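Just below is one structure, and these are the notes that go with it.
Any read-out appearing in this document is the output of simple, stated calculations on the displayed coordinates, not a laboratory observation. Everything quoted here is computed from the prediction, not taken from an experiment. Reconstructed Cβ throughout: ideal geometry from the backbone, glycine too, with neighbour counts over all protein chains shown.
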Amino acid sequence: MKIKFYYDKIKFRLRDTATIKKFLDKVIREEKLIPGDLNFIFTNDGEILKINNEFLGHNYFTDVISFGENLGDIINGEIYISIDTVRNNAMEFNTGIREEVIRVMVHGVLHLCGYDDMNEKDRDAMMRRQENMVVEFRRSGIWNSDTK
C-alpha cells in the first residue's frame, strides 16, 4: 500500500503523515478491504471547481472529490481536497482545521470503500461511520499533531 500526499497551488502541509497513513489504512481494513495506492491531492477552490465541472458535471465548490480505481477488494484512488472549503467548514462548524482535514480524508476513503451519500439513508450511515472514525482519531493521542 502506498498513500501519497500532493499539494497543488496551496501553502497547506500535513504534519505527522506516517500516523495519518496508518489511520487511513485502519479505516479501510475495518471495512474488510485492502489498502492499495491512494493519492491525496490538496488544492484550492478554483481547482476543485474545475474537477467538479469536468468530471462530475457539477458547478459548485466542494470539500472532497474521490475517484476510485478499485481492483476487487483492493482500494485504489485519488482524493482531491479543497483546503479553502475545508477552512471555511472549520470556521462554520467551529472545529479546527486538523479535524476537518481528517474528516474529509475519511469521507473520501469511505467513498472508495463503497459508501454513498446520495440519499438520506445512505448519507446518515456514511456520516455515522465518518464521525466515529474522527472521534477515534481524536482519542488516539495523535490529535496533537499540527497542520498549518
For Cα extents along the principal axes in Å, pick the label among (1) 37, 31, 31; (2) 49, 34, 25; (3) 35, 34, 31 that corresponds to the value derived from the coordinates. (3)
Measuring from its Cα centre, the chain shows a charge dipole (+1 at each Lys and Arg Cβ, -1 at each Asp and Glu Cβ) which, in debye to the nearest 20, is 660 debye
Which whole-number percent gives the relative contact order of the chain, counting Cα pairs below 8 Å spaced six or more residues apart? 25 percent
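May I ask you to order 65-71, 90-96, 39-45 by the average number of other C-beta atoms within 10 Å around their residues, highest value first?
Per-residue Cβ counts within 10 Å, averaged per peptide and sorted highest first, yield 39-45, 65-71, 90-96.
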Taking amide hydrogens as modeled 1.01 Å from N in the peptide plane, which residues meet the under 5 Å criterion relative to Asp37, leaving out close sequence neighbours? Lys2, Gly77
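Report the net charge of residues surrounding Glu31, where surrounding means a beta-carbon distance below 13 angstrom and charges are Lys +1, Arg +1, Asp -1, Glu -1.
After counting each charged neighbour, the total is +1.
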